[in-house]
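Participant: Below are the structure tokens for one structure; questions will follow.
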Amino acid sequence: MTLRMKQTIVAGLSFLFLAALLLVAWQESKRHRIEEGLEPVVTAANEACVECHRKDGPALVMEWERSSHASYGVGCVDCHGAEEGEVDAWLHEGEWTAALVTPKDCARCHAREHDQFAKSHHAKAGEILASLDNVLAEKAAGMPGNIADAVNGCWQCHGSIVRFERGADGEILRTGKENKPVLAAETWPNSGMGRLNPDGSKGSCHACHSRHSFQAEIARSPENCGKCHMGPDHPQIEVYNESKHGIAFYANRDRMALDEKGDWVLGRDYSAAPTCATCHISSYMTTQGEVVPNNHDVGQRISWTLRPVISTKLNLVVYEDGYKEDYPGTRELPAVGDEVDTVEKIVEDEELVNRTVTRRVAKIVPWEERRAAMKGACLNCHNDAFVDNFYVQFDSLVELYNEKFARPAQAIMDELIADGILDPNAPFEKEVQWVFWELWHHEGRRARHGASMMGPDYTHWHGMYEVAKHFYQEFVPAVVEAAEETSPALGEKWARRMDELMARPEHVWHEGLSPEEAEALRRMYEDRYDQAVGSGRAEGTDGE
Amino acid sequence: MATSREISRTRRFGRRLAELFPVDWELVRHASAEPVPHHLKKWWFALGGTPLYLFMVQIATGILLTFYYVPSPEQAYQSVAEITHQVRFGWFLRSLHMWSANFMVIAVFLHMFRVFFTRAYRHPRQLNWMVGFGLLGTTLTFGFTGYSLIYEQMSFWGATVAANLAEAVPLVGGFAADLLRGGPEVGEQTLTRFFILHIGVLPTVGLLLVALHVYLIRTHGVTELHFEGEEVATEKRFFRFYPEHVSTEILIGLLLMYLLTLLALVFPAELGPPADPTVTPEHIKPEWYFYFNFRLLKLFSLQVSVLLTMFLGGIAFFWPFIDGWISRRTKHADTIVVIVGVFAVLGFLILTVWEALAP
């Protein structure tokens, strides 16, 4: 064989070698991308869906492609697949497909998370039909035949009862060549946290884990919770934003490892700041160097309820079947082993109904234990004394609100009903009822939430200041006014009662400060601003 | 312009230096003027110098990486992460080291292709082929131990599989595997041993083999090859090692440095998840030069594939003698060798690509 021919053979083999190496490199980088979750895995079952929806809804396919689901080959049919005969199923391109993806579908893989969530407050968020919130949205702001305020407002956070459009015969209406069931427009689209689904499940995982990217990053970000936990009645996101925690978060967002795959552990994966998820549901390191796993039951670490008129500590009763009930501190606790009639709300024939189930108590979790679970997160950044003293400060604010304003106001409202001044069936008939509502539901919660999450301005100016101002300036006069409207005798009685109330030590300041206090106040304003203050006058000293 | 006084001062300094460090310039001239046959001007004959050049790059970058690398299971991965993300130019050094390692394997393979097909291993150069084969083994072991030092999930499990392979070698396998791992399983001892191999034993063995390889080339001389129909004037049949061949090698070196830099910049070395001995990854892949072996492992049982590898390796190692045996029996030895070579290379490539495409 000639040398030149050999040269050609060596050159040919070298090129093949190079080509093989390029192929190896290409495969390697593809494998690497799949492992890193950068490359979607489209399984045979999902190929047709992806191909078609790349044109019909391309953005949702693109979002799915960047999801962890895609990197594991979990695709369309894995979540949207249904069994023939399911209430929301229809035959779509030859595959039984579900109109709704519910927590029950997610539970096929995420059983632990579903189980925790199903027993949480979040899962019960849709059970607001018999609440004053609902009355205000459907009645006060709505009108017969139009409850758009509830549909667009309340239900978008709390969740709707998802219903189907039905014909006169009660059968589900269907549309198109494929007979797709028609969802009632006022109940869907809805991504409310406690959505009541036709399959009996509660909630919507999408509320926190937005489809179709299902990024953990979104659920871990405070803005996610801020969709609902905001506004005049529960401004948690605003409180967080003004707190040291929120400030640290926004300044260090890129150090928060929000896109960490798998567990996201405070004290191991990040340290810059806590988000809502950090304190309420996420994993953290203990002082013993162990990892406390996350828990999709969002209320696990809450030791006060700050929502009702009067705050109470929260104990927890866990039953043998895993069902959980919060027991306010004022409610007598059963003993382990006791049989208790529990009332849970379920959807029957597209209506929310009460179901009484007798359950046996398996475990009592006292509020102290729930608080200790929360403190565990705090201790990643603060020492014992810091955390304990914070709770002393927080508790004292809640007690102040409870004792000075909430409890007396509630007693007054109860007595007004007993005196026949207020009609218990007409919760928003008179001004005093509106004032009282805002006193606890808006201002009182703002003060308590402000203190709970270290937001000083929400504690005071948006909180206790408003509570005090409206208590003195609106509530007390409105009580007397309502009584006078009923009868002169009741008017006299309640004017006297209010005088007695205002004569109590905690309210007597209203009549005037002591001469020493008034003098100190005058001096302070003169020293600081060179102006007098106190009678509506602000006198300058430049020649006047 | 230097004055005559300055010149004489320089000369005096030079003389003093020569007294301190006597150099036999005649010997240097003789060594550097080694005549090199004309065919070495063709690129494919100059591939032997490339691995040597890359070896130098590996030593230089390797020493710098060792400044920061900590060979303990608790800190290895973290130290590589620090090199990659924190140490100034650490990522660049690591990427150069990685690409240079890959280039070294490629260059060794290409060099062997050329030597094989031109049958340059024939008498009296059989021993040098075997030394070269030893250098191939050293290079591959370098690659394997270096990859394992990263202590990421894939490299950890790669090491585990390799140790299992070693264990299957008849007679000495168990001992060899234990010696490698420092125990029955890949553990704390393993990393230290791989580290010692990678930065101590292998460089020493490599340098000794390279010295022997070069010594044998110089003593045997390079066979002059004639291309058919190519007339080379008598005065051009040979050129000098220095400066002509050296300048060619420098040019190749610069080109390599350029390529390495480019690849390090565009495709820097990455870092997978840290090693977790409790979680076996779904897909374990070694470095590409072991794909061939890995595929055999999947095609046959552990024992069979190890024996097959040893058998094929044995044939390759003793090939110069097998060639001699064939040559003595047929006139068509040249064609037979080329056919065997083509099948061997294609077999290697097919198994490599097969493994690459496998999930």
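No lab work stands behind these numbers, since they all come straight from the coordinates. From a predicted model like this one, the values you see are computed outputs, not experimental measurements. In this analysis, Cβ positions are derived from the backbone assuming ideal geometry, glycine residues included, and neighbour counts consider all displayed protein chains.
Participant: Going through segment A:11-76, which GluC sites (Glu not before Pro) have at most 15 other Cβ atoms within 10 Å and a DSSP loop state?
Facilitator: The qualifying sites are A:Glu36.
Participant: Ranking B:His226, A:His53 by Cβ neighbours within 10 Å, fewest first, what do you get?
Facilitator: Arranged by neighbour count, lowest to highest, B:His226, A:His53 become B:His226, A:His53.
Participant: I would also like to ask the following. Straight-line reach from A:Lys177: which lysines have a Cα under 21 Å away, not including same-chain ones fewer than 8 places off?
Facilitator: Reachable lysines: A:Lys55.
Participant: Additional query: Sort out for me the Cα centre separation of segment B:27-106 from segment A:84-138, rounded to whole Å.
Facilitator: 60 Å
Participant: Find which of A:Val361, A:Thr330, A:Leu397 sits farthest along the positive direction of the dipole of segment A:320-419, computed with +1 on the beta-carbon of Lys and Arg, -1 on that of Asp and Glu, about the Cα centre.
Facilitator: Farthest along the dipole direction, towards plus: A:Leu397.
Participant: Can you sort A:His158, A:His245 so the residue with the fewest Cβ neighbours within 10 Å comes first?
Facilitator: Neighbour counts put them in this order, fewest first: A:His245, A:His158.
Participant: As an exercise, identify the trypsin sites (Lys or Arg not before Pro) in segment A:226-286 lying in DSSP coil whose Cβ has no more than 15 other Cβ atoms within 10 Å.
Facilitator: When the trypsin sites (Lys or Arg not before Pro) of segment A:226-286 are filtered for loop state and at most 15 Cβ neighbours within 10 Å, A:Lys227, A:Lys261 remain.
Participant: Which residues' amide hydrogens lie under 5 Å from the amide hydrogen of A:Asn294, considering only partners 5 or more residues apart or on another chain, with H built in the peptide plane?
Facilitator: A:Ser283
Participant: Averaged over B:113-122, how many beta carbons belonging to a partner chain fall within 10 Å of each residue's beta carbon?
Facilitator: 3
Participant: I've got another one for you. Within a 10 angstrom radius of the beta carbon, how do A:Phe117, B:Phe109 rank from fewest other beta carbons to most?
Facilitator: Ascending number of Cβ neighbours within 10 Å: B:Phe109, A:Phe117.
Participant: Please give me, ordered by residue number, the GluC sites (Glu not before Pro) of segment B:270-359 that lie in loop per DSSP and have at most 15 other Cβ atoms within 10 Å.
Facilitator: B:Glu270, B:Glu282
Participant: Another one. Of B:Ala31, B:Leu165, A:Leu91, which is farthest on the positive side of the dipole of the protein assembly as shown, counting Cα position, with +1 on Lys and Arg Cβ, -1 on Asp and Glu Cβ, and the Cα centre as origin?
Facilitator: Farthest towards the positive pole: B:Ala31.
Participant: Students often check this: by mean Cβ neighbours within 10 Å, which of A:362-373, B:12-23 ranks highest, and how do the rest follow?
Facilitator: Going by the mean number of other Cβ atoms within 10 Å, highest first, we get A:362-373, B:12-23.
Participant: Can you list which of the DSSP-assigned H helices in chain B have a Cα extent of 27 Å or more along the long axis and an average Kyte-Doolittle score of at least -1.0?
Facilitator: B:90-117, B:126-149, B:246-266, B:333-357
Participant: Return the whole-Å distance between the Cα centroid of segment B:319-358 and the Cα centroid of segment B:261-307.
Facilitator: 26 Å
Participant: Compute the distance in nm between two label points, each set 7 Å from the Cα along the Cα-to-Cβ direction, one at A:Glu517 and one at A:Thr175.
Facilitator: Here the answer is 6.5 nm between the modelled labels.
Participant: Taking the alpha-carbon set of the protein assembly as shown, what are its Rg and Dmax in Å?
Facilitator: Rg and Dmax of the protein assembly as shown, Cα atoms, are 40.8, 137 Å.
Participant: Relative contact order, percent, of chain A when contacts are C-alpha pairs under 8 Å separated by at least 6 residues?
Facilitator: For chain A, the relative contact order is 9 percent.
Participant: How shielded is B:348-358 by partner chains, expressed as the average number of their Cβ atoms within 10 Å of its Cβ atoms?
Facilitator: The per-residue average across the peptide is 4.
Participant: How many percent of Cα pairs in segment A:1-113 exceed 19 Å?
Facilitator: 62 percent
Participant: Is the shape of chain B best called rounded, prolate or oblate, per the rule: a/c under 1.5 gives rounded, else a/b larger than b/c gives prolate, else oblate, with a ≥ b ≥ c the square roots of the Cα gyration tensor eigenvalues?
Facilitator: oblate
Participant: Next up: Among the listed pairs A:Lys124/A:Lys227; A:Lys104/A:Lys324; A:Lys104/A:Lys345; A:Lys345/A:Lys430; A:Lys6/B:Lys331, which have their C-alpha atoms separated by more than 24 angstrom in this model?
Facilitator: A:Lys345/A:Lys430
Participant: Under the rule of -39500 (n - 2.57) per DSSP H run of 4 or more residues, summed and divided by the residues of the protein assembly as shown, what mean residue ellipticity at 222 nm is obtained, to the nearest 500 deg cm²/dmol?
Facilitator: Dividing the helical sum by the residues of the protein assembly as shown leaves -15500 deg cm²/dmol.
Participant: Another question, if that's okay. In chain A, which helices (entire DSSP H runs) extend 20 Å or more along their own long axis, judged by Cα positions, while averaging at least -1.0 on the Kyte-Doolittle scale?
Facilitator: Sorted by number, the helices that extend far enough and score high enough are A:3-35, A:384-400, A:488-502.
Participant: Another one. Between the alpha-carbon centers of segment A:445-513 and segment A:337-401, tell me the distance in whole angstrom.
Facilitator: Cα centroid to Cα centroid, the span is 30 Å.
Participant: Just tell me how shielded A:28-35 is by partners: mean number of partner chain Cβ atoms within 10 Å of each residue's Cβ, no decimals.
Facilitator: Average neighbour count from other chains, rounded to a whole number: 3.
Participant: For the charge dipole of the protein assembly as shown, defined by +1 on Lys and Arg C-beta atoms and -1 on Asp and Glu C-beta atoms about the Cα centroid, which residue among A:His296, B:Gly143, A:Val41 has the Cα displaced farthest towards the positive pole?
Facilitator: The listed residue farthest towards the positive side: B:Gly143.
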